[in-house]
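The values are calculated or read from the model by the stated rules, or taken from the named source; none is laboratory data. Please read these numbers as outputs of a predicted model, since none were measured by experiment. Neighbour counts run over all protein chains shown; Cβ positions are idealised from the backbone, glycine included.
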Amino acid sequence: MLVLVWVALCCFFLVTVQGACPSKCNRHGTCGSDNTCTCYPGYTGYDCNSRACPKGAPWVDFATAQDSVRSVAQECSNRGRCNRSNGRCECDTGFAGTSCERLQVCRTNCNGHGKCMSMRAMAATKNDYNLFYSATYDTPRDADRIYGCVCDFGYSGADCSLRRCPYGDDPISANQVDEVQAVSCLCNGCAGTFTLSFRGETTRPLDGSVDTAATLKTALDELLTIRGVSVALNGGTTLCDSDGVSALVTFTYEHGDVPALVVTPSLSGGTSSLAVQADGTRAAYGPTPPLTVRGTKEWLECSGRGACNTLLGLCSCAAGFGPSDGLGGPGNVLDCGYYSSSGLTTCAGISGSVTRCYNHGRCLGAPFYRCLCDDGFGGYDCSQPQCPTGRAWVEEASTDNIAHTSVVPCSNAGLCNSAGTCRCLPGFEGAACNRMSCPTSNGAICNNRGTCRTLRELAALTPTATFTAAGFVYGSDPNALSTWDADMAQGCYCDKIPLGRGKSVRYSGYSCSKIPCPSGDDPWTINQVDEVQAVTCSADGGVFTLSFRGETTLPISFSASPAAVTSALERLLTITSVAVSFSSGDSVCSSAGNVMTVTFYSPAGDLPLLSIYSATLTHSTASVTTNILQITQGTKEDTVCNNRGRCDEDTGNCICSLNHASSNALGDFGAFGDCGAVDAFMTHGEL
């Protein structure tokens, strides 16, 4: 007997010791009184042995309320995989940042022909080439989350891979004038320099007390964005003097309504004034300050008389048109700005045919013979199919904190080819590149375990506590900029797994790559109770059904026994084990009303109420009545692998810690696949 007692004490001691926190929380957490690890920041898992990854506002998620999907931060912002060994996010193509919080519309470093800039930075930059506004963009959620290419002069396209063709004045038009601007400078007893900028390029410093009209012309002509200007001084011989000088700059080769020069002074001492006048305002200085002139010549790609090859940046000119000198005469600039014939009599079209504008537009006739193209076609001769358009993924803010309002070809996330088809950048799809691609694995969308849904669709499918769809709406106001991506951002909606594990099981993870493991009560926590619900039924005929977490039983007879109701409930994928008893008799319903008590063993925890469909019940002497109440709120856990093992998310199997094994969902040994059974002899467990 003494030996038996000693063995029992040893077993008790062993179980008690092994019941301490697994692996002592790997020194990455603290062990609580219930032998549960509370991990330090940066660590996760039942034993704190896994690294947690940074979290960010998710690109795609279920809704938390009407028009709200980003109130709960997610690891890797739901667009990357967490490497549990080092706590670093491995972002999907097109996403970057420590938590994959940035959408990089700019790919391949803008092909070395541009800068990758945030929408905040775009709004704050004005270069009069491809950024035309000065605005603030700091309150929208994507101010520092969406990045796009701002191409260098001479390049274009979402990735700056396209070449810009020469622009020029239509040589057929006449009676037009060049742009004239005034750079007005007064410097009385001051010293220093100033610079001028035009379309993103800036001159070398100019000394107003010494530099002349010739110096200013040379400095401006050196800019890549200016082909040539003429300069005349009004009121002096240098750019600045004590009573003021206005330098009149005529843009002889940059046609159209030219953006104003931007002056940046660096003058000190004395009295100084430095400004630019344009758009018909009067120059500031000189004996008779002249008016500036707004340019009226065209500024058209290939001068409006040719087609641009964007791969080479070369114009293919219409018959009779060719290279010019930039002023309408013959030259070596391939801008189609020179007309070598006389008396233009028809619009461009199919050579040798009476068909003009390629039957995709209308010829406006004399004197200019330009094509007015139908919707869907463009080019000087209407031969070019236009690409589909969509709301811009990335663009500069036109006013403070307002963006994504433009409808542009390929949604600024793809390149338009000569066939009028968008070639989307990686990570985007749709005819207009207007949708964010869902995650893929070896070419399989959502790992072949789910379907690709928009934010609007996911909001409607948001699961509730009863596993029904919440029916939220994301994008309820089509004009609200806060939900501009409702039909553009996409994510995975994971399929169900046909396994009865006491809960509605779906694949999980942002890409549906994870197989959920069994869950249940932690065997080391105490003083907890099962959920108990009471169903009252007053009927004497017919059938009814019970539903739980989105699953519904087969029809149950009014006279069903406790065993029959138990069997019906345990056939549901969402229920593993229950106990059913009646307040009286052996029929679930009675004329006077019977009370059925349902005790939930698995699933555990505070559970949603059963629901009953009673329209098919009958009562011969009174009305049918049914009711369901919670008698006891469940307090047991429903944690993955019972908080006593690690979930292998590739297989959906629990790898139990030492001294723990698979249970029957009730705490004894069984084939449930969890870690809910405690093995006193330590013959189970792998950790």
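Against the definition (at pLDDT 95 or above, surrounded by fewer than 16 Cβ atoms within 10 Å (Cβ to Cβ), of a type in the set (D, E, K, R) and not assigned by TED's automatic domain parsing to the domain that holds residue 154), how does residue 282 come out, yes or no? Working first, answer last.
Working: at pLDDT 95 or above: yes; surrounded by fewer than 16 Cβ atoms within 10 Å (Cβ to Cβ): yes; of a type in the set (D, E, K, R): yes; not assigned by TED's automatic domain parsing to the domain that holds residue 154: yes.
Spelling it out, residue 282 is indeed at pLDDT 95 or above, surrounded by fewer than 16 Cβ atoms within 10 Å (Cβ to Cβ), of a type in the set (D, E, K, R) and not assigned by TED's automatic domain parsing to the domain that holds residue 154.
Scanning region 237-278 for residues that are surrounded by fewer than 14 Cβ atoms within 10 Å (Cβ to Cβ) and acidic (Asp, Glu), which turns out nearest to the chain's Cα centre (by Cα)?
The extreme case among them is 257.
Checking the structure you have, find out if any residue of region 53-66 is β-branched (Val, Ile, Thr), crowded, with 21+ Cβ neighbours inside 10 Å and not assigned by TED's automatic domain parsing to the domain that holds residue 149.
Yes; the residues of region 53-66 include at least one that is β-branched (Val, Ile, Thr), crowded, with 21+ Cβ neighbours inside 10 Å and not assigned by TED's automatic domain parsing to the domain that holds residue 149.
Does residue 165 meet the test of being surrounded by 18 or more Cβ atoms within 10 Å (Cβ to Cβ), touching a Gly at 6+ places or on another chain (Cβ under 6 Å) and closer than 30 Å to residue 106 by Cα?
Taking the combined requirement at face value, the residue satisfies it.
Scan region 322-334 and report the pairs whose first residue is under 21 Å from residue 163 (Cα atoms) and whose second residue is part of a strand (DSSP E or B) and among the charged types (D, E, K, R), with Cβ atoms within less than 8 Å and a gap of 6+ or a chain change.
Listed by first residue and then by second, the contacts come to 323/335; 324/335; 326/335.
Filter region 181-190 down to the residues that are surrounded by fewer than 24 Cβ atoms within 10 Å (Cβ to Cβ) and either among the β-branched types (Val, Ile, Thr) or out of contact with any Ser or Thr (no Cβ under 6 Å at 6 or more places or on another chain) (or both) and list them by number.
The one that is surrounded by fewer than 24 Cβ atoms within 10 Å (Cβ to Cβ) and either among the β-branched types (Val, Ile, Thr) or out of contact with any Ser or Thr (no Cβ under 6 Å at 6 or more places or on another chain) (or both): 189.
Have a look at 565, 529 and point out the one that is out of contact with any Phe, Trp or Tyr (no Cβ under 7 Å at 6 or more places or on another chain), closer than 21 Å to residue 674 by Cα and at pLDDT 95 or above.
Every option except 529 fails the conditions.
List the strands (runs of 3 or more DSSP E) that sit entirely inside region 594-646 and contain at least 1 residues that are buried (at least 22 other Cβ atoms within 10 Å of the Cβ), touching a Leu at 6+ places or on another chain (Cβ under 7 Å) and assigned by TED's automatic domain parsing to the domain that holds residue 556.
Answer list for region 594-646: 594-602.
With (1) on the phi > 0 side of the Ramachandran plot; (2) in contact with a helix residue (DSSP H, G or I) (Cβ under 7 Å, 6 or more places away or on another chain) as the list, and residue 350 as the residue in question, which single condition is left unmet?
It is condition (1) that residue 350 fails.
Determine whether residue 295 is of a type outside the set (D, E, K, R), under 28 Å from residue 167 (Cα atoms), in a strand (DSSP E or B) and touching a residue at least 12 places away in the same chain (Cβ under 8 Å).
For residue 295, the condition - of a type outside the set (D, E, K, R), under 28 Å from residue 167 (Cα atoms), in a strand (DSSP E or B) and touching a residue at least 12 places away in the same chain (Cβ under 8 Å) - is not met.
Can you tell me how many residues within region 543-578 are in contact with a helix residue (DSSP H, G or I) (Cβ under 7 Å, 6 or more places away or on another chain) and part of a strand (DSSP E or B)?
Summing the residues that are in contact with a helix residue (DSSP H, G or I) (Cβ under 7 Å, 6 or more places away or on another chain) and part of a strand (DSSP E or B) in region 543-578 gives 4.
Looking at (1) under 23 Å from residue 131 (Cα atoms); (2) in contact with a Cys (Cβ under 8 Å, 6 or more places away or on another chain); (3) surrounded by fewer than 21 Cβ atoms within 10 Å (Cβ to Cβ), which is the one condition that is false for residue 302?
Of the numbered conditions (1) under 23 Å from residue 131 (Cα atoms); (2) in contact with a Cys (Cβ under 8 Å, 6 or more places away or on another chain); (3) surrounded by fewer than 21 Cβ atoms within 10 Å (Cβ to Cβ), the odd one out for residue 302 is (3).
With the requirement that a residue be among the small types (Gly, Ala, Ser), part of a strand (DSSP E or B) and over 17 Å from residue 36 (Cα atoms), what does region 662-679 give you?
The one that is among the small types (Gly, Ala, Ser), part of a strand (DSSP E or B) and over 17 Å from residue 36 (Cα atoms): 663.
Residue check: is residue 263 touching a strand residue (DSSP E or B) at 6+ places or on another chain (Cβ under 6 Å), in a loop (DSSP other than H, G, I, E, B) and in contact (Cβ under 8 Å) with a residue 60 or more places away in the chain?
No, not satisfied.
Listed here are the residues, each with its yes/no results for (1) of a type outside the set (Ser, Thr, Tyr); (2) outside the structural domain of residue 311 (by TED's automatic domain parsing); (3) surrounded by fewer than 19 Cβ atoms within 10 Å (Cβ to Cβ).
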residue: 401; (1), (2), (3): yes, yes, yes
residue: 406; (1), (2), (3): no, yes, yes
residue: 412; (1), (2), (3): yes, yes, no
residue: 421; (1), (2), (3): no, yes, yes
residue: 443; (1), (2), (3): yes, yes, yes
residue: 450; (1), (2), (3): yes, yes, no
residue: 454; (1), (2), (3): no, yes, no
residue: 473; (1), (2), (3): yes, yes, yes
residue: 476; (1), (2), (3): no, yes, yes
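Among the residues of region 125-141 satisfying the criterion of being touching a residue at least 24 places away in the same chain (Cβ under 8 Å) and in contact with a helix residue (DSSP H, G or I) (Cβ under 9 Å, 6 or more places away or on another chain), which is surrounded by the most Cβ atoms within 10 Å (Cβ to Cβ)?
Across region 125-141, the extreme among qualifying residues is 137.
Out of (1) part of a loop (DSSP other than H, G, I, E, B); (2) at pLDDT 95 or above; (3) touching a helix residue (DSSP H, G or I) at 6+ places or on another chain (Cβ under 6 Å); (4) not basic (Lys, Arg), the odd one out for residue 41 is which?
(3)
Take residue 338 and tell me if it is aromatic (Phe, Trp, Tyr), under 23 Å from residue 173 (Cβ atoms) and not in a loop (DSSP other than H, G, I, E, B).
Spelling it out, residue 338 is indeed aromatic (Phe, Trp, Tyr), under 23 Å from residue 173 (Cβ atoms) and not in a loop (DSSP other than H, G, I, E, B).
Those residues that are in contact with a Cys (Cβ under 9 Å, 6 or more places away or on another chain), within 30 Å of residue 644 (Cβ to Cβ) and assigned to a strand (DSSP E or B), I need them from region 511-542; list them, please.
Passing the criteria: 514, 519, 520.
If you go through region 354-361 one residue at a time, do you hit one that is assigned to a strand (DSSP E or B) and in contact with a Lys or Arg (Cβ under 7 Å, 6 or more places away or on another chain)?
Step one: of region 354-361, the residues assigned to a strand (DSSP E or B) are 356, 361.
The next check asks that each one be in contact with a Lys or Arg (Cβ under 7 Å, 6 or more places away or on another chain); those that pass are none.
No, that holds for no residue.
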